[in-house]
1. Give me the three principal axis extents of chain B from the C-alpha atoms, as integers in angstrom, largest value leading.
2. Ranked highest first by average number of other Cβ atoms within 10 Å, how do A:105-114, B:126-135 line up?
3. What percent do you get for the relative contact order of region B:218-317 when only Cα pairs under 8 Å and 6+ apart count?
4. How many angstrom separate the Cα center of region B:258-274 from the Cα center of region A:129-179?
5. Considering the alpha-carbon set of region B:176-232 alone, what are its Rg and its Dmax in angstrom?
6. State log₁₀ I(q)/I(0) for the protein assembly as shown at q = 0.07 Å⁻¹ as given by the Debye formula over alpha-carbon point scatterers of equal weight, solvent excluded.
7. For chain B, modelled as a Gaussian network with Cα springs under 10 Å, which listed residue fluctuates most, B:174, B:283, B:66?
8. If you take each beta carbon of peptide A:114-121 and count the beta carbons of other chains within 10 angstrom, what is the mean?
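What follows draws every value from the coordinates through simple rules; no lab data is involved. Owing to the predicted nature of the structure, the values given are computational and were not obtained by experimental measurement. No Cβ is skipped: glycine too gets one built from the backbone with ideal geometry, and neighbour counts run over all protein chains shown.
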């Protein structure tokens, strides 16, 4: 410990702080962050607990914080609605939407990120500008367009309008901008076409970025409520969230434990997917925002 | 992007200029082919509706009537300006934006600063705080509905525990909007926390260290170093939060249905246009008129905020 350790000056200075101060500061930090984290995840825990309470305890004035392990709530709720059909619909819709959104994002991101063409900036701005157009404000004409196409109560009405992801195009473009140009030069010398380069080299390299886009689109598609609520009229094409809302407005309204069970098992898939890939998902948001 | 110019040099040496031009033209034209799928879909489901909404607002539109719709010019707009429901929902929307956006921003920035202040297991805390953002709205509003319940609800349970007066969270018109702000802040603050954390992570720690060596305290470091560098990202977060706040209506709809609660106290512009456009006695033309107002509001405010951020950046950096 001598004068040779010049770079560590800040820590040397902090050594002069009273230890009580540092201790109090970090305790306060942990309290604030801990309480926020508990508040953030509490409703999730609350669903879980409620879904396993006996119906008597669920109506109790004193809140119960520990489950009674009443698993029959799940089987009862499952038998009250065609959940299998809803799950199948949601899985099909989400899969198709993800596949199409990946395709359109990859192609458009590749064009914006690696090619030079007249109107490139204007077209890119036209895409980014869509963030400023609230989808709620275009709900009525969108509904009109879909019904004119004869798509009411179909899968495609829930897939095609979401087959382009603005943040997806942005993320893929960002990725391709970071590719060294020498890669394309080398490929071109070997007689590679633009599409060949995308298919064999750039596309596979973009896999991490594509995974983020897939996640975002999947979660958005699974959680979609308002639009499917408008464009579906039968259980045959209803996705899970609309099914849950129908259950809530119907039998679930008088059956809180059954409703909690339904809320739990409809949320589980998106929770599992998110927890598996949460790091990529959160990093994707960070990249998308700071580079913008 | 010096890609093109670099590549053109060997090509220019070997091939005929015409071939080169042709190839270059094809190479450029190809880009539009790659953009085509995205723009076809956006054209039909994003650009066309945004233009068509203006057109529809000039008609007494009816979804059930096929063929031509009666054109009524600006009648919908004059009706709108004399409609107390419109002014009320505009007021609710503005109130919601003005309260929720600053709360959201302040909370998110505060949490991001806490998380970046050398706390352990940072990724774990971030995950917990972010997680409400990915939860489906139908399920989460259901839970919150219970937590807001007057008799069995958790919030009133806590208030009773503290011997305070209980609140009718979703029934009292004075509290409905506040309850929705509680819910939406819980739901979306984590998203902004993540963005703020990314912004803070991009600030070199050596700046703060240098200031500390010069005797600056934590507040001074935040005020004179961190904050100025964080302004651009704050403006991005503010823009996104403001847009989200203006178009908020799904939570309102899920909590209260299309009426927007007691005394329409939580009926935002979005909810009003939705109930006008899709109720049993629907007026899609009138709903489109409300949409146009919402559209113009969001668009002008976004452009304004973007212009502000451009100016700030050119002044300070």
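1. The Cα atoms of chain B stretch 84, 73, 35 Å along their principal axes.
2. Values: A:105-114: 25.6, B:126-135: 22.0.
Result, highest mean Cβ count within 10 Å first: A:105-114, B:126-135.
3. Working: 71 pairs, mean separation 22.1, N = 100.
Across region B:218-317, relative contact order equals 22 percent.
4. If we compute the Cα centre of each part, the gap is 26 Å.
5. 15.8, 50
6. -0.51
7. Fluctuation is largest for B:66.
8. Details: counts 4, 10, 9, 9, 4, 3, 4, 0.
Average per residue, whole number: 5.
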